[in-house]
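Everything below concerns the one structure shown next.
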Amino acid sequence: MAASIPSGTVSVRMYRGILGDCFLLRHEEQGEEVKYILIDCGVLQGVSNARERMRDIVSDIRQTTGGTLDLLVVTHEHHDHLSGFQYEAERFKTFTVREFWLAWTEDPNDATAIELRRHFDKSRDTVAALASHPVMQALGKDDGRIRSVLGLSAFLGLDNGNRPTGASTLKMLKELATPARTRYLQPGQVVRPTRIAGLKTYVMGPPRDTASLRRDAPRKGAAKEVYLSRQEDANALDLRLAQLNDTPICAEDLPFAAPHRRPLNNVAALNPKQYTLTQKLYYDPKAASRKIDDEWYSSAETLALKMDSDTNNTSLVLAFELPDGQVLLFPGDAQVGNWLSWSAQTYPTTPDPTPGPAVTADDILARVSLYKVGHHCSHNATLRELGLEKMTSPRLVAMIPVVTEVAVKNQWNMPYPDLYQALKQKTCERVIIGDSVFEQERKIFEQNARALQPPITVDYHPKGLWVEVRISFGQGGT
Ligand SMILES: [Zn+2]
């Protein structure tokens with residue numbers, strides 16, 4: 001006879017009204033103490049009342065958990081997943097963090113991680129410096145590419161000195177958890193939170209291989225795949241930045257040798273008749289379309305976009321398995337390359353065996369009851385055939401942490417209409433979104449969740465601060 005499956009519930013609380021992730025999980029199992037897991041805590045820069053909202057959110061976390069987190073997870077180093085820890089640092093310092101999980105990409109002793117970081121940091125510093133430059137700020141209004149850089153730089157999170165804040169926030173959290181309790185997870189591992197033995201966790205990403213980490217776009221024929229040399233873009237922008245700042249540029253950094261350079265200064269004082277041939281061509285209105293003066297805007301945009309998706313691809317992807325086999329999938333903001341890598345291994349991997357049979361990514365996806373939609377429901381952070389279409393459980397529920405108004409303001413297509421439709425269809429309209437008219441959302445959800453056994457229910461904070469999906473396991477919950 002099969003051993004009886006323990007019963008209980010996991011409640012997933014999504015904080016609303018932020019473009020960012022902040023998820024509080026409450027684990028209740030028969031005969032066990034209630035346990036809490038916090039996955040990310042951030043709001044995007046530029047969201048109105050972001051700080052006040054975050055204060056309310058952290059108050060709620062504090063009140064609900066009594067100040068003890070059995071597990072803290074940070075998926076990746078983006079402001080919209082981290083800023084709450086920074087804004088409310090003083091309050092978080094009073095929390096007890098029993099255990100802290102991060103991706104291997106954050107491991108200070110991992111050689112590949114160190115190398116990745118070195119590349120990222122240079123590009124990140126360049127984008128940060130550009131985004132905060134007064135000339136860029138002024139140009140931004142008129143050029144879509146610059147507006148895009150400024151928008152993307154909001155994910156970096158900059159302090160008063162315009163330095164990225166992610167690293168210092170992570171350091172603070174590691175100190176809070178004490179180093180001995182911080183774990184850097186590898187893809188293929190199967191782990192359990194020390195305090196929640198009943199919660200088997202499959203580590204699906206980020207992948208170890210750099211090609212996967214850099215792949216951010218779907219494959220639609222090779223021409224559609226983007227592989228850019230970040231380093232060259234960063235160097236070109238550094239030059240432009242030096243020019244903007246009137247800092248002397250080292251001669252060997254310039255693209256042309258001295259005999260081929262023509263200064264443009266003082267040209268205004270000349271009579272056009274005195275122009276050299278080059279100057280004539282340069283100022284000929286008919287040749288205006290051939291000018292490349294503003295091309296660096298595109299480099300800036302490309303670099304910012306690429307950095308943004310590269311960081312998203314370092315997202316720690318966790319699949320929590322409940323004792324009856326249901327899975328809660330938290331992919332952070334993983335993009336195409338990260339998703340594709342999940343099936344590159346079985347769980348557990350052979351070098352790191354954990355008792356129990358190895359399972360495949362497909363098997364895990366087929367049992368997903370709750371999908372935290374990746375990257376605020378953007379077009380390239382939920383795979384179709386190899387992702388959502390493999391989530392075949394009739395119990396599937398989706399939660400989207402997005403505020404459409406803020407996304408629109410930044411010209412991001414979130415939630416991406418086709419994906420949003422597909423989610424509604426796959427979940428029988430059981431989709432929860434961070435900016436819904438929640439009375440209406442509750443009605444639709446409840447109607448479509450009525451038949452589920454063991455039950456899945458939804459609950460809202462009276463003022464809409466959060467929404468909570470409660471998933472029962474075993475014989476129908478506690
Ligand atoms: Zn995000």
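The values are calculated or read from the model by the stated rules, or taken from the named source; none is laboratory data. The model shown is predicted, which means the values in this text are computed figures rather than measured ones. All Cβ positions, glycine included, derive from the backbone under ideal geometry; neighbour counts span all protein chains shown.
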Study note, to complete from the structure: The lone condition ASP60 fails out of (1) at pLDDT 95 or above; (2) under 28 Å from GLN189 (Cβ atoms); (3) out of contact with any Pro (no Cβ under 7 Å at 6 or more places or on another chain); (4) away from the ligand (no atom under 16 Å from the Cβ) is (2)
**Study point:** Single unsatisfied condition, VAL267 versus (1) surrounded by 15 or more Cβ atoms within 10 Å (Cβ to Cβ); (2) modelled with pLDDT of 75 or more; (3) over 28 Å from the mean Cα position of the chain (by Cα)
**Key:** (2)
Check your understanding: What number of residues within segment 69-84 satisfy the criterion of being within 22 Å of GLU28 (Cβ to Cβ) and either modelled with pLDDT under 95 or charged (D, E, K, R) (or both)?
Key -> 1
Review point. Out of curiosity, is PRO454 out of contact with any Phe, Trp or Tyr (no Cβ under 8 Å at 6 or more places or on another chain) and in a loop (DSSP other than H, G, I, E, B)?
Key: no
Practice item. Evaluate segment 415-425: report whether one residue or more is surrounded by fewer than 22 Cβ atoms within 10 Å (Cβ to Cβ), polar (S, T, N, Q) and not in a helix (DSSP H, G or I). Key: no
Review point. Out of (1) under 26 Å from GLU441 (Cα atoms); (2) free of Cβ contacts under 8 Å to residues at least 12 places away in the same chain, the odd one out for VAL10 is which?
Key: (2)
Point to revise | Filter result (in contact (Cβ under 8 Å) with a residue 40 or more places away in the chain and either surrounded by 24 or more Cβ atoms within 10 Å (Cβ to Cβ) or among the polar types (S, T, N, Q) (or both)) within segment 338-350 | key: ASN338, TRP339, SER341, TRP342, SER343, GLN345, THR346, TYR347, THR349
**Study point:** segment 88-122, residues that are within 16 Å of the ligand (Cβ to nearest atom) and in contact with a helix residue (DSSP H, G or I) (Cβ under 6 Å, 6 or more places away or on another chain)
**Key:** THR105
Point to revise | Members of segment 106-121 that are assigned to a helix (DSSP H, G or I) and either small (Gly, Ala, Ser) or surrounded by 11 or more Cβ atoms within 10 Å (Cβ to Cβ) (or both) | key: GLU106, ALA111, THR112, ALA113, ILE114, GLU115, LEU116, ARG117, HIS119, PHE120, ASP121
Point to revise | Candidates LEU24, LEU69 - the one that is under 18 Å from the mean Cα position of the chain (by Cα) and away from the ligand (no atom under 16 Å from the Cβ) | key: LEU24
